[in-house]
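Engineer: Take a look at the following structure, please.
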Amino acid sequence: MGWMEAAIRRRGGSVDFRTFMELALYDADHGYYARGPVRYGRKGDYLTAPTASDWYTAVLARLFEGLAARAGAPLRVVDAASGDGSFLAGLLAAWDDRNEAVEMISVERSAALRRIQEERLPPGRVRTVTGPRGIGPWDGLTVFHASELYDALPVHRVVGRDGGLAELWVEAGEGGLRWAERPAPEPLVRHFESRGVRLEEGQVAEACLEAGPLHRSLLAACGAPAAAFVLDYGYPARRLYDPRGRRGGSLACYAGHRMDRDPLDRPGGKDITAHVDWDTLREATRAAGWVEVALVPLAEFLVRGGIAALVEARGLGLEREVDAASWTARQEIKRLLDPDGMGSDLRVLVQATPDAAPLVSEALGLRTG
Ligand SMILES: C[S@@+](CC[C@H](N)C(=O)[O-])C[C@H]1O[C@@H](n2cnc3c(N)ncnc32)[C@H](O)[C@@H]1O
């Protein structure tokens, strides 16, 4: 019997899909993110923007420095879901430790990944915490960054049935793991009703009930003035739950840079992810007293953040002859800006406390008011 079947039997023989996904990703012994070594990145199962290219982090380093200069305040960076520490290591490299005064906080749930960060990052330079409560107060500007945090949270799965909703459960039976359906509980029914979404018969969808409360408490923990940059795959609710686009839901699994749609196969052996409902994060923003500055595709964000100026500053503009370094840089930038890939599939939700919103808009060349 596999570890997941045993874990489900210990819980009475069946669990809702949210519990299954929580175990598959975060079980202390077998979970995808709980075990070392790092499973994603160039040599792993899938790429994220910080692991795809240093250019992503270099643009954010420039933007963060510019924001602190505009605010005339000391800078604190909070990287939530910091994973293997790629983003924080990239910031330190981009700043070449010119920015020693910057306070850096890493928020990471996985103990295995926290250990990897400890080995990778200069000792004592980054304070590592496990959740919003560890962030603490700061007398200056806080920039919050989260790349693919919210699409890595466990989700409930539901299916449209008889004009209502059934929740998908996972049973550990004689022949292994199999799907089951139960009436959906009230919080899930409310999640869809409050967004004006009615699923078609047989339409499958996911709902993350913890994304909103987590986002709200992370923003609140940043204090003010503060700005947030949330990078993720997702859509506003109406589009996310539109049966014409995603009748089977958005849940996907990744292993060896290949995608499949069967989370019950090899639990713990591959990543499981579901698109973010941007409306949920937007509600949390309002509830935290923050405002939305923009929700833009990654490519537009990087252009607004000054990627072209950075390319010029590094002498890698079009006048530079093609050599190994300029070729690699161009390939990496192309990947980040790709209109058929990361550049448009990934979006950046930019949010700020009301006192910081004008300077964030200005820094990104967005109109204010
Ligand atoms: C898809 S990885 C992204 C890693 C990194 N941000 C990147 O983009 O390369 C998701 C990360 O979120 C972490 N995570 C999930 N839930 C979390 C939570 N509630 N608080 C902090 N980290 C969390 C996981 O442990 C994992 O490291």
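Engineer: Here are G90, G66, G134: which of them is more than 16 Å from the chain's Cα centre (by Cα), away from the ligand (no atom under 16 Å from the Cβ) and either closer than 25 Å to P37 by Cα or not hydrophobic (A, V, I, L, M, F, W, C) (or both)?
Structural biologist: Sole residue among the options that is more than 16 Å from the chain's Cα centre (by Cα), away from the ligand (no atom under 16 Å from the Cβ) and either closer than 25 Å to P37 by Cα or not hydrophobic (A, V, I, L, M, F, W, C) (or both): G66.
Engineer: Specify which of the listed residues (D45, D84, D96) is charged (D, E, K, R), within 12 Å of the ligand (Cβ to nearest atom) and under 25 Å from G124 (Cβ atoms).
Structural biologist: When all the criteria are applied, what remains is D84.
Engineer: Can you give me the number of residues within the stretch 305-337 that are of a type in the set (D, E, K, R) and surrounded by 15 or more Cβ atoms within 10 Å (Cβ to Cβ)?
Structural biologist: 4
Engineer: Would you confirm whether any residue within the stretch 41-53 is among the small types (G, A, S), touching a Phe, Trp or Tyr at 6+ places or on another chain (Cβ under 6 Å) and over 18 Å from R109 (Cβ atoms)? Give the steps one after another, and end with the answer.
Structural biologist: Taking the stretch 41-53 first, the residues among the small types (G, A, S) are 41, 44, 49, 52-53.
Among the residues that remain, those that are also touching a Phe, Trp or Tyr at 6+ places or on another chain (Cβ under 6 Å) are: 49.
Going one step further and asking which of them are over 18 Å from R109 (Cβ atoms), we end up with 49.
Yes.
Engineer: Additional query: Criterion first (within 16 Å of the ligand (Cβ to nearest atom), surrounded by 18 or more Cβ atoms within 10 Å (Cβ to Cβ) and closer than 26 Å to P243 by Cβ) does V170 satisfy it?
Structural biologist: no
Engineer: Would it be correct to say that L281 is touching a Leu at 6+ places or on another chain (Cβ under 7 Å) and not charged (D, E, K, R)?
Structural biologist: In short, yes.
Engineer: Hey, does the stretch 92-110 have a residue that's touching a Cys at 6+ places or on another chain (Cβ under 8 Å) and on the phi < 0 side of the Ramachandran plot?
Structural biologist: Step one: list which residues in the stretch 92-110 are touching a Cys at 6+ places or on another chain (Cβ under 8 Å), which gives none.
Taking every residue of the stretch 92-110 in turn, none turns out to be touching a Cys at 6+ places or on another chain (Cβ under 8 Å) and on the phi < 0 side of the Ramachandran plot.
Engineer: Now, a different point. Wholly within the stretch 234-305, which helices (runs of 4 or more DSSP H) include no fewer than the required count, namely at least 2 residues that are within 19 Å of the chain's Cα centre (by Cα)?
Structural biologist: Where helices (runs of 4 or more DSSP H) fall fully within the stretch 234-305 and carry at least 2 residues being within 19 Å of the chain's Cα centre (by Cα), they are 237-240, 278-287, 298-304.
Engineer: Go through the residues of the stretch 72-81 one by one and say whether even a single one is within 11 Å of the ligand (Cβ to nearest atom) and not hydrophobic (A, V, I, L, M, F, W, C).
Structural biologist: yes
Engineer: Another question, if that's okay. May I ask you to list the residues in the stretch 286-298 that are within 19 Å of S344 (Cβ to Cβ) and surrounded by 20 or more Cβ atoms within 10 Å (Cβ to Cβ)?
Structural biologist: Listed by number, the list holds a single entry, L298.
The rows are residues; the columns are (1) surrounded by fewer than 17 Cβ atoms within 10 Å (Cβ to Cβ); (2) not hydrophobic (A, V, I, L, M, F, W, C).
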site: E206; (1), (2): no, yes
site: G212; (1), (2): no, yes
site: A221; (1), (2): no, no
site: L231; (1), (2): no, no
site: Y235; (1), (2): no, yes
site: G245; (1), (2): yes, yes
site: G249; (1), (2): no, yes
site: C253; (1), (2): no, no
site: D260; (1), (2): yes, yes
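Engineer: Six or more apart or on different chains, Cβ atoms under 6 Å: show the pairs whose first residue is in the stretch 4-18 and without any contact (Cβ under 8 Å) to a residue 24 or more places away in the chain and whose second is surrounded by 17 or more Cβ atoms within 10 Å (Cβ to Cβ) and not polar (S, T, N, Q).
Structural biologist: Here the result reads A7/L23, each pair linking the stretch 4-18 to a residue that is surrounded by 17 or more Cβ atoms within 10 Å (Cβ to Cβ) and not polar (S, T, N, Q).
Engineer: Among the candidates G44, G85, G36, which residue alone is within 23 Å of L153 (Cα to Cα), of a type outside the set (S, T, N, Q) and without any contact (Cβ under 8 Å) to a residue 24 or more places away in the chain?
Structural biologist: Numbers: G85 fails: without any contact (Cβ under 8 Å) to a residue 24 or more places away in the chain; G36 fails: without any contact (Cβ under 8 Å) to a residue 24 or more places away in the chain.
Step by step, each of G44, G85, G36 is checked, and only G44 is within 23 Å of L153 (Cα to Cα), of a type outside the set (S, T, N, Q) and without any contact (Cβ under 8 Å) to a residue 24 or more places away in the chain.
Engineer: Further, regarding this structure: Before we move on, is V102 aliphatic (A, V, I, L, M), away from the ligand (no atom under 12 Å from the Cβ) and in contact with a Phe, Trp or Tyr (Cβ under 6 Å, 6 or more places away or on another chain)? Working first, answer last.
Structural biologist: Details: aliphatic (A, V, I, L, M): yes; away from the ligand (no atom under 12 Å from the Cβ): yes; in contact with a Phe, Trp or Tyr (Cβ under 6 Å, 6 or more places away or on another chain): no.
No, not satisfied.
Engineer: Can you find a residue that is at pLDDT 95 or above and out of contact with any helix residue (DSSP H, G or I) (no Cβ under 9 Å at 6 or more places or on another chain) anywhere in the stretch 284-296?
Structural biologist: Yes, the stretch 284-296 has at least one match.
Engineer: Let me ask you something else. Does D338 qualify as being of a type in the set (D, E), closer than 21 Å to L60 by Cα and either in contact with a Ser or Thr (Cβ under 6 Å, 6 or more places away or on another chain) or touching a residue at least 24 places away in the same chain (Cβ under 8 Å) (or both)?
Structural biologist: So D338 fits the description; yes.
Engineer: Give me a count of the residues in the stretch 29-75 that are touching a Ser or Thr at 6+ places or on another chain (Cβ under 8 Å) and either among the basic types (K, R) or within 15 Å of G306 (Cβ to Cβ) (or both).
Structural biologist: Going through the stretch 29-75 one residue at a time, the tally reaches 2.
Engineer: Just for strands (runs of 3 or more DSSP E) wholly inside the stretch 150-233: which have at least 1 residues that are free of Cβ contacts under 8 Å to residues at least 60 places away in the same chain and of a type outside the set (A, V, I, L, M)?
Structural biologist: Working: elements: 156-161, 164-173, 176-183, 204-207.
Because the criterion is at least 1 residues that are free of Cβ contacts under 8 Å to residues at least 60 places away in the same chain and of a type outside the set (A, V, I, L, M), the strands (runs of 3 or more DSSP E) in the stretch 150-233 that meet it are 156-161, 164-173, 176-183.
Engineer: Can you tell me which residues in the stretch 50-63 are buried (at least 24 other Cβ atoms within 10 Å of the Cβ) and within 8 Å of the ligand (Cβ to nearest atom)?
Structural biologist: P50
The values are calculated or read from the model by the stated rules, or taken from the named source; none is laboratory data. In this text, all values refer to a predicted model and were calculated from it rather than measured experimentally. Every residue, glycine as well, gets a Cβ built from its backbone with ideal geometry; the counts of neighbours run over all protein chains shown.
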